[in-house]
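Below is one structure, written out as C-alpha cells; the observations come after it.
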Amino acid sequence: MRDSKSNSIKEKKMKQKDQKTTSDREPSKVEEPQKQQKEEEEANFDSDYDSEFTSSDNSESPLESEDGESVSLEDEDDHGINFYKDSESLRGSEAGESSSSGDEDSGNDEEHGSQSSELNQGDESDSSEDEVEPRNTIGDVPLKWYEDEPHIGYDIKGKKIKKKEKQDKLDSFLANVDDSKSWRKIYDEINDEEVELTKEEIKLVRRLLRGRAPHPDFEPYPDYVDWFKWDDAKHPLSNAPEPKRRFIPSKWEAKKVVKYVRAIRKGLITFDKPKEEDGPYLLWGDDLGSTGKANHLAYIPAPKPKLPGHEEAYNPPLEYIPTQEEINSYQLMYEEDRPKFIPKRFTSMRSIPAYENGVKESFERCLDLYMCPRVRKKRLNIDPESLKPKLPSPKDLKPYPVACYIEYTGHKDAVTSISVDASGQWIASGSLDGTVRIWEIETGRCLKRWDIDEAVLCVAWNPLRDILAVSTGPDVLLLNTGFGDEEEQKEIKELLHVETSTTPEEPDGKAPIASWVQNDKHEGIRIRHLKTVSSIEWHRKGDYFSTVTPVGESRAVLIHQLSKKFTQKLPFKLGGVTVRSAFHPSRPFFFICLKNNVRVYDLWKSKFIKQLVTGLREASSIAIHPGGDNLIVGSKEGKMCWFDMDLSSTNPYKVLRCHPKDINNVAFHRSYPLFASCSEDCTAYVFHGMVYSDLNKDPLIVPLKILRGHETSNGRGILDCKFHPRQPWLFTAGADAVIKLYCH
C-alpha cells in the first residue's frame, strides 16, 4: 500500500513538472503580447529611475510622492524592505523545492518516512537560511524602554549587546554633505546599524510610494477565468436539496420579536401617531368643552339678537303702545336713534299681518354672521408718550446759558471767529472788516485793536501765554496782546522775535511749506503759507499749533513750533480735503476732520490709529470732549454726530438732527457737561452731554435751550461759538457784526 501511494504521488509530480516545462517552452498567443507590454513598462520604469537617480545623487531627498511632497526613507514603514527580503526568501524556497523534487526522482527505493519528510520540505514556501539573524533580541518590547540603557538586547550567550556610539549631529551632517550616497542610507533602530539601500530596494520603495505592487510581475487586474461551462446546462450549480432551516421558522427571529414586543409594552419604543384629518365642525358652535385643541380657528361667539319682550307681543299692555304724538315725534329723530319696531295691538293671532321688515332683518342677520371677524385681535393701547426716552427735566440740569446778557458791538462787517482767554477775562474777535479786537468780558469795553487790512478768518488765543494767532489769507500772525507783568512780556517778546527769516527746505526741490518772518508793524511774527489758512488750533502746552488749508494735499495740515520757529508737515497721507484739526486734551493724539470721515493719528509713534466714518455729506467742524474719549462733528446738512472712542465701532454713537441749515461750529465746555452748536439759521443749540466714568453707562445727551437773537446778513447767521472757560456762558459771533454773551 505504501509503495502504491508513493508511486501515485510521484506520478502526479512528474505530470505537473512536464506541464510546467511545456508551458514555459510554448507560451500561448494571448500571453505573448501581455509579456511584451510588461517588459516595455519595466524598461520605461528603469529608464525613468536611472535618469532621476543619476541627476539627484547630490540632492538630499530624491524620494518624492506623486503630490510633490518629499518623503524620507526613515519615515516610511519597513514593510516594503521586509517584503523584498520575503521575495528573496521565496526565490530561495523555490530553488530548494526544485532540488528536493530532483532528489525524490533519483531515490526511488527509499522508505515512506523519508519520502513524506521530503514532500513536507518541498511544500514549505518560507526559508530562513538566507535571512540574516537580527542583532536585537528583545522581541516585541518597545525600544523606548532601552533609551536610557547602554545595551539594546542580549545574544545567545546571554551577554549584553551594547549600542553603537552615536555620532555628533554636526559631524554627521558634514559627513553626509561630502558623501554623495548619503540619501541612500537609513538608520535601522531595531538592529542599531546604518543600512545602505540597493538600487533594487529603492526601486521597490518607489513602486510602493506610487501605489503599485512591489513586484513588477504582479498583475493587479488579471483576466477573468470562468471555471464553469454554462452551455447546455440543465441543472443549477448545486443539486443538493434545500436545507431544513429554510422551511422552519427561525428561533432567533422569534426571540427578536418577543424583545421588541416587550420594549413596546414598556414604552421604550414609541410610534408617531397618524395625523387626524379635521372633519366638519360648527362655525359658531361652542367648543370650549372639548379637551383636544382643534386646528381650526378659535371659538368666536356669534352676535346674538335681542330677545323679544312685551313690545313684540300681539296684544301688549296699553302702556307699551305709543300714542300718535309719539309716533310723529319718531319721524323727527335720526334714523339711528329711531326705534326699529313700534308695538301694535291685535285682537287675535289670525288678524296679525306679515312682518314688513322680516326679509330685511334676516338679510342683516346673515350679514352679521358673514361679516363678523373670525379672529380675535388684541388691541394694544400704547401711550405715544411712553415710547419717548425718559430724559431728565431741563430744570434739573441747570446751570446752562438761557438769555443774552451783553452785546459786543464795534465791528463793521461779519465776525468770523472768536477766542476766549484761558483766564476768562478777555475775548478776541476777528472780522471781515480787517480788524482784530480784544474785549473785556464783564464790561464789554474794547481794549485793543489791530488793523490787518485783510479779512480775518480765524483767531486763536494761546492757552498759557498772552499770544494771539490770527489767520489772514495765506499768512498767520502771532501778536502780543500786551497783558501780563514785565517778566511775562519779556518772555513773550523773546518768543516773538526772529533774527533771520527761517524757511524749511524741501528735499525734492519743491517750494518751502512755510516761512517765518519778523513783522515790525504789529510787533510779532508773520508765517507765510502757500494757500489760505482757514483754521488755527493750539496745543495744550502752548508751544505747538496747527494750521489747516482746505486743499487735498499733504501740505494741508502743518504743525508749527513757536520756541524753535520750525514748521513741519504730517508724515501721513490724508486721503481727502481737510476741514478742521484738533489736538487731544491729554494724549499725543491728533484728529483730522475730512469731509467724509475723521482720522486719528499718534504723533509720538507716527502711526495711524483709527478712522471714524461720519456718514455725512460734508463735515464742517469738530470738537473734542475734555476727557478725550468723545467727540462731536458738525456738518453742512444740519446734523451732529457724537462719537465714543471707547466703542469698537467706527460709526457714530448718536446722530442729532437739530438745525435746518449748515452748522458752522461746535464746542465743548471745559468743566460743565455742556456742548453747543451754531448754524446759518441764526440759532445756537445748547445740549447737556454727560459722560460717565463707568464704561457700562452710555453718555446722556439732552437738548436744553435754543438761543436766538442774531439777524441774518447776506444769507448768513451765526459764524462761531465758544464757551467761557470757567462759567456756563456761551459767546456767539454773527454775520450781523455783533458778539453776544448768553448767561444762565
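The values are calculated or read from the model by the stated rules, or taken from the named source; none is laboratory data. All values derive from a computational prediction rather than experimental measurement. When we count neighbours, we look across all protein chains shown, and the Cβ atoms used for this are built from the backbone with ideal geometry, even at glycine. We work out accessible area using only protein heavy atoms, side chains counted, and drop any ligands, DNA or RNA first. Shrake-Rupley method; radii C 1.70, N 1.55, O 1.52, S 1.80 Å.
A few points about this structure:
- Cα shape, the range 631-744, gyration tensor, a/c 1.5 rule: oblate
- Sites GLU326 and GLU711, calculated FRET efficiency, Cβ-Cβ separation with R0 56 Å, nearest 0.05: 0.20
- Straightening the chain between ASP140 and SER554 buys 141.4 nm, computed as 0.36 nm per residue apart minus the Cα-Cα spacing.
- Put simply, when 220-226, 204-210, 599-605 are sorted by average Cβ atoms within 10 angstrom per residue, most first, you get 204-210, 599-605, 220-226.
- Heavy-atom SASA rank of TRP252, TRP642 (probe 1.4 Å, accessible area, largest first): TRP252, TRP642
- Here the gap between LYS493 and ARG365, fully extended at 0.36 nm per residue and compared with their Cα-Cα distance, gives a gain of 35.9 nm.
- Gain upon complete extension [ARG670, GLU147; 0.36 nm per residue less C-alpha separation]: 180.8 nm
- Estimated FRET transfer efficiency (LYS395, SER693; beta-carbon r; R0 35 Å; 0.05): 0.90
- Per the Debye formula on identical point scatterers at the alpha carbon atoms of the range 384-509, with no solvent, log10 I(q)/I(0) at q = 0.09 Å⁻¹ is -0.41.
- Sorted largest first by accessible area at a 1.4 angstrom probe radius, with every protein chain in place, the residues SER546, SER606 fall in the order SER606, SER546.
- Of CYS658, CYS641, the order by accessible heavy-atom surface (1.4 Å probe, DNA, RNA and ligands excluded), from most exposed downward, is CYS658, CYS641.
- Cross-link pairs beyond the 24 Å C-alpha cut-off, checked among LYS493/LYS722; LYS493/LYS564; LYS607/LYS697; LYS639/LYS705: LYS493/LYS722; LYS607/LYS697
- Listed residue pairs exceeding 29 Å between alpha carbons, taken from LYS162/LYS203; LYS395/LYS740; LYS448/LYS565: LYS162/LYS203
- Cα pair distances in the range 146-232, grouped into 10 Å bins until the bin that holds the longest one, percent each: 12, 25, 22, 20, 9, 7, 4, 1
- Cα-only radius of gyration and Dmax that characterise the range 593-663, units Å: 12.2, 41
- FRET efficiency, 1/(1 + (r/R0)^6) with R0 22 Å, evaluated for GLU194 and LYS159 via beta carbons: 0.45
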